[in-house]
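Written out below as structure tokens is the structure these notes cover.
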Amino acid sequence: MNHQPGQPRGYQPIGSVQLEPGNSSALPSPRRRGGGGEGPSWRFVAADGTRVEIAILADDLACVRYLPPGVTPAPSWAVVRDTWPSVTIHEQTHDSAKSAESATLQPPRPVGEGAGEEILTLTTPAMRLEIATDPFRLTCRWPDGTPFSEDDPALGMGIHTAPAPNHIPDTTRDPGHVRCAKRLAPGERILGAGERTAPLDRRGQRIIYWNTDPPQPHGPDTTAMYASIPFWLGLRQGRAYGIFLDSVWRAELDAGATTADTLTFGADGGDLTYYIFAGPTPAAVLARYADLTGHMPMPPRWALGYGQCRWSYYPEPQVRDIAARFRQGGIPCDHLWLDIDYMDGYRDFTFDPHRFPDPAAMLADLNAQGYKVVTIIDPGIKADPTDPTFHEGLERDYFIRNADGSLFIGVVWPGECVFPDFTRADVREWWGERQRVLLDAGVTAIWDDMNEPALTDRFVPDGATPRGTTLATDTMQHPDGYDGPIPHRALHNAYGMQMARATHEGLLRHRPDQRPFVLSRSGYAGVQRYAALWTGDNQSTWEHMRLAARMCLALGLSGVPFVGFDTGGFWLDATGPLLVRFTQLGSVFPFFRNHSALATKAQEPWAFGQPFETLIRDAIELRYRLLPYLYTVFAEAARTGAPIARPFAYAFPDEDTLATIEDQHLLGGDLLCAPVIEDNQPQRIVQFPRGAWRDWRTGERIVGPLRRRVDSPLDVLPLFVREGAILPLGPVMQFVGERPDDPITLAAYLGPEADSQATGSLYEDDGATPAYQRGSSRLTTFTASRTGTAISPLLRGEGLGERFTFIAAQPTGDYDAEPRDWLVELHLPFAAGPHDPRPTIAAASLDGRPLTGGEIVARRYETLIRIPLGRISAPFTMEVTLA
């Protein structure tokens, strides 16, 4: 091998290949396949035995696999779907020179460097794949010919090999590292790419995928974090595509950090398998990614409420006191969390008999007060022969061993620990069974921590374990689907997700009539099937508020909708203003929990006295008012893979100026959130996307696109509703299920036009069981409109003013809910002047029957019409006419 200019030292790109006979019709006519398997596939082989496989799974999804000589494809820990609908594929072979002459949209550099070579073209309704064979290079195009995800002509795919004599080795990558190089277009943005602290646009960044407990404090330049999800979106002039690198080895994404116009990605060993998503919208990419790697299940509704945690609440009287303070102060709270000090000597699946002498009685009392209790579990099992978990696991040979057959021992909280091999189904089942002692005592859910896995000697005098240390890479595991033992280095990034899987599946087995809830610190692509993620050990600083928002928005674009952070910050001491702003921020992200570290100042909502306690209560109460809307957004995320907290780049991919905004987001599709993440900021700049937006607090109408300063004193979380939306809102309660969600307020934000309309929906199920998976759910859609003539004869008359109609359609789904109280609010973007006559309700009807009890509230920027409908079920039609 001779080193070529522009080529990394020791890197050997794939050269000429031949299409293997018998796996392609080579005909220009369309070919149709049935669902099932990964076909159809096209297989190519090089002279040295290197193989490449391309499979088209759907109109907008292709799989590319590069197999160096002697390497077999590894089973996927991420991909769960193996049957796909049929797809029509047009297959054609043509001459590259003639193709270049006739093409109207060509990349600046040709697909292949040889003139006149043959190119195999595979065309679906959503994309076209152009495969050059000498050398092997792949270019994708959208139907109009615009390229995306095109291989770099010089680098393509390849492998780092051992250096030849007298060659300078590449010291950055070991032999066996497989890699792919793609071209970056001018102005292209790279979004998602997993849990990282880097700016939302990853272009120019180098990201390492190796699950680790990062050094503290982590900051914008931290390259590796707790979870590794090597899935990203490219955004080119308003169109999106996606790439998912499916490897649990140590992997890397270089998004133009080394060479500005080149994106490279690869893994330290094994095969190189990646998926291409044609989009062309972020929504389409994420929907297909969810189809491939699994959809988030609906969580129990209580998990959307507020939670309180600390390292650690103990003994039992302190836990009871925290619970009582919330209820006495009227501060909503659904879940309380117990960190490691509830355990007996930090042994998993135990309670300290002195700190918690009767955990079942305590947990029963807390449950009666409306609390769900979540306990932490770490993967490190104390190497103690008297501990039942250690004894049983050792007897069954469930722990990871060194290459010489001895047990791997690592130091964590209990001291010397062993680690279960969660890549084995029998170990996962056993782990789930071990949870029974906690569940039988009354624990509701499990929090998986330190599952990168991380080692620490914090409690070991004179310890020498650096932060970020994990299992030795040459320890051996015995994963399902592999032949023989496999070194940990080839499985590392799957460890945390497989622990979460064991936890999730165990909860479901023990309580099949309840939805599991698992919170995990670590994960890999597909973790959304088993757990929510939080962003780990942040700090009580303003900078870490910005990082929290950025990281969660990026995770949403990486296929993990249920994400959050430690509200208030984990390390360091919070202040009253910081805790208020952190709580406001947390109230508009999916997972909402206050958590702080050992030896830091208390940061419960009341910790800093007034006025901060009231302002924190207000932020938490806002969360509970939003729950019907938020639960509906969760259902959309579970169905479609959409983020819950959505960056502007997701909703407005064609507005490039919005793509890098990371201190604002949409909660669902209709609520623009602009939290304050800087100290002493009584006003902040808000970027309003196109369309009209209504101030949640004042009703003021703001038309975008517009960059504008808005008021943001400490008691205000700037929120704006999309005009044309109907938000379902609920009453404030102390915990989910305290009482029925009555009334449901249907807040319709109509525009000033005579024919303006608003739409919205409400998703409902029992909020607790898996029955929704069997169709026991329902979705009700609502429309509100100005109408020139009332439908009901009751409202027809001379001299009447504006007329409005509000319709709840027949719900879809089999969930049979009881009738409920409804309150319709029509938010109209005008207000009577000081000398204008105030409008009044001339008449109102519900399904043609007279309706009384409405009111009109004149506000500075809007007129608000409130009509209580009483206790009814959808469908229904309400009409109101003003005088």
| task | Would you be able to say whether some residue in segment 521-534 is without any contact (Cβ under 8 Å) to a residue 12 or more places away in the chain, in a loop (DSSP other than H, G, I, E, B) and over 25 Å from GLY219 (Cβ atoms)? | result | no
| request: Taking only segment 360-404 into account, find how many residues are among the small types (Gly, Ala, Ser) and touching a Leu at 6+ places or on another chain (Cβ under 9 Å). | output: 2
| Could you list, in sequence order, the residues of segment 736-751 that are open to solvent by 40 Å² or more (accessible area, probe 1.4 Å), at negative phi and of a type outside the set (Asp, Glu)? | ARG739, PRO740, PRO743
| Residue among LEU666, LEU557, LEU572 that is touching a strand residue (DSSP E or B) at 6+ places or on another chain (Cβ under 6 Å), without any contact (Cβ under 8 Å) to a residue 24 or more places away in the chain and either under 25 Å from PRO199 (Cβ atoms) or of a type in the set (A, V, I, L, M) (or both) | LEU666
| query | Here is a list of conditions, (1) under 21 Å from ALA638 (Cα atoms); (2) open to solvent by less than 30 Å² (accessible area, probe 1.4 Å); (3) in contact with a helix residue (DSSP H, G or I) (Cβ under 8 Å, 6 or more places away or on another chain), and ARG529 meets all of them except one; can you say which number that is? | reply | (2)
| remark: Per the filter on segment 22-69, residues modelled with pLDDT of 95 or more and out of contact with any Phe, Trp or Tyr (no Cβ under 9 Å at 6 or more places or on another chain) are TRP42, ARG43, VAL45, ALA47, ASP48, GLY49, ASP59, LEU67, PRO68, PRO69
| request: Determine if segment 489-506 includes at least one residue that is modelled with pLDDT of 95 or more and in a loop (DSSP other than H, G, I, E, B). | output: yes
| note | Scanning segment 511-520 residue by residue, those part of a loop (DSSP other than H, G, I, E, B) and either among the acidic types (Asp, Glu) or in contact with an Asp or Glu (Cβ under 9 Å, 6 or more places away or on another chain) (or both) turn out to be ASP513, PRO516
| Can you pull out the residues in segment 695-715 that are buried (at least 20 other Cβ atoms within 10 Å of the Cβ) and more than 14 Å from LEU672 (Cβ to Cβ)? | GLY699
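Going residue by residue through segment 374-383, is there one that turns out to be open to solvent by less than 30 Å² (accessible area, probe 1.4 Å), in contact with a Gly (Cβ under 9 Å, 6 or more places away or on another chain) and over 30 Å from GLY484 (Cβ atoms)?
yes
Yes or no, residue by residue, for (1) in contact with a Gly (Cβ under 6 Å, 6 or more places away or on another chain); (2) at pLDDT 95 or above; (3) of a type in the set (A, V, I, L, M, F, W, C):
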{"site": "ASP246", "(1), (2), (3)": "no, yes, no"}
{"site": "LEU253", "(1), (2), (3)": "no, yes, yes"}
{"site": "THR262", "(1), (2), (3)": "no, yes, no"}
{"site": "PHE265", "(1), (2), (3)": "no, yes, yes"}
{"site": "LEU272", "(1), (2), (3)": "no, yes, yes"}
{"site": "PRO280", "(1), (2), (3)": "no, yes, no"}
{"site": "TYR289", "(1), (2), (3)": "yes, yes, no"}
{"site": "THR293", "(1), (2), (3)": "yes, yes, no"}
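Of the residues that sit in segment 752-786 and are among the aromatic types (Phe, Trp, Tyr) and part of a strand (DSSP E or B), which one is surrounded by the most Cβ atoms within 10 Å (Cβ to Cβ)?
TYR763
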| Do you know which residues across segment 575-630 are open to solvent by 10 Å² or more (accessible area, probe 1.4 Å), without any contact (Cβ under 8 Å) to a residue 40 or more places away in the chain and not in a loop (DSSP other than H, G, I, E, B)? | PHE612, THR614
| Filter pass, VAL710 being in a strand (DSSP E or B), over 23 Å from LEU823 (Cα atoms) and of a type outside the set (Phe, Trp, Tyr) | yes
| Yes or no: PRO728 surrounded by fewer than 15 Cβ atoms within 10 Å (Cβ to Cβ), touching a residue at least 40 places away in the same chain (Cβ under 8 Å) and outside any loop (DSSP other than H, G, I, E, B)? | no
| said: Condition check: part of a strand (DSSP E or B), open to solvent by 10 Å² or more (accessible area, probe 1.4 Å) and either modelled with pLDDT of 95 or more or closer than 30 Å to ARG774 by Cα (or both). Does GLY669 satisfy that? | reply: no
| message | Looking at segment 319-348, I want the residues that are open to solvent by less than 30 Å² (accessible area, probe 1.4 Å) and have a partner that is assigned to a helix (DSSP H, G or I) and basic (Lys, Arg) with Cβ atoms under 6 Å, at least 6 apart or on another chain. Which pairs are those? | response | ILE331/ARG617
| said: Being over 15 Å from ARG593 (Cβ atoms), open to solvent by 10 Å² or more (accessible area, probe 1.4 Å) and part of a loop (DSSP other than H, G, I, E, B) is the filter here; which residues of segment 535-558 pass it? | reply: THR541
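So which residues in segment 315-334 are within 32 Å of the chain's Cα centre (by Cα) and not hydrophobic (A, V, I, L, M, F, W, C)?
Those that are within 32 Å of the chain's Cα centre (by Cα) and not hydrophobic (A, V, I, L, M, F, W, C): ARG327, GLY330, PRO332, ASP334.
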| request: Could you list all residues from segment 218-250 that are within 29 Å of ALA651 (Cβ to Cβ), small (Gly, Ala, Ser) and crowded, with 22+ Cβ neighbours inside 10 Å? | output: ALA227, SER228, GLY234, ALA240, GLY242
| message | Every residue in segment 349-370 that is part of a helix (DSSP H, G or I) and either open to solvent by less than 10 Å² (accessible area, probe 1.4 Å) or free of Cβ contacts under 8 Å to residues at least 60 places away in the same chain (or both), please. | response | ALA361, MET362, LEU363, ASP365, LEU366, ALA368
| query | What residue, among those in segment 316-352 that are out of contact with any strand residue (DSSP E or B) (no Cβ under 9 Å at 6 or more places or on another chain) and acidic (Asp, Glu), is nearest to PHE459 (Cα to Cα)? | reply | ASP341
| remark: Just one listed residue, out of ALA831, ALA817, ALA874, is under 44 Å from the mean Cα position of the chain (by Cα), closer than 21 Å to THR781 by Cβ, at pLDDT below 95 and open to solvent by less than 50 Å² (accessible area, probe 1.4 Å), and it is ALA817
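The values are calculated or read from the model by the stated rules, or taken from the named source; none is laboratory data. On a predicted model such as this, the values are computed, not experimentally measured, just so you know. Virtual Cβ from ideal backbone geometry, glycine too; neighbours counted across all protein chains shown. When the accessible area is computed, the model is the full protein with side chains, heavy atoms only, and any ligands, DNA or RNA have been set aside. Shrake-Rupley method; radii C 1.70, N 1.55, O 1.52, S 1.80 Å.
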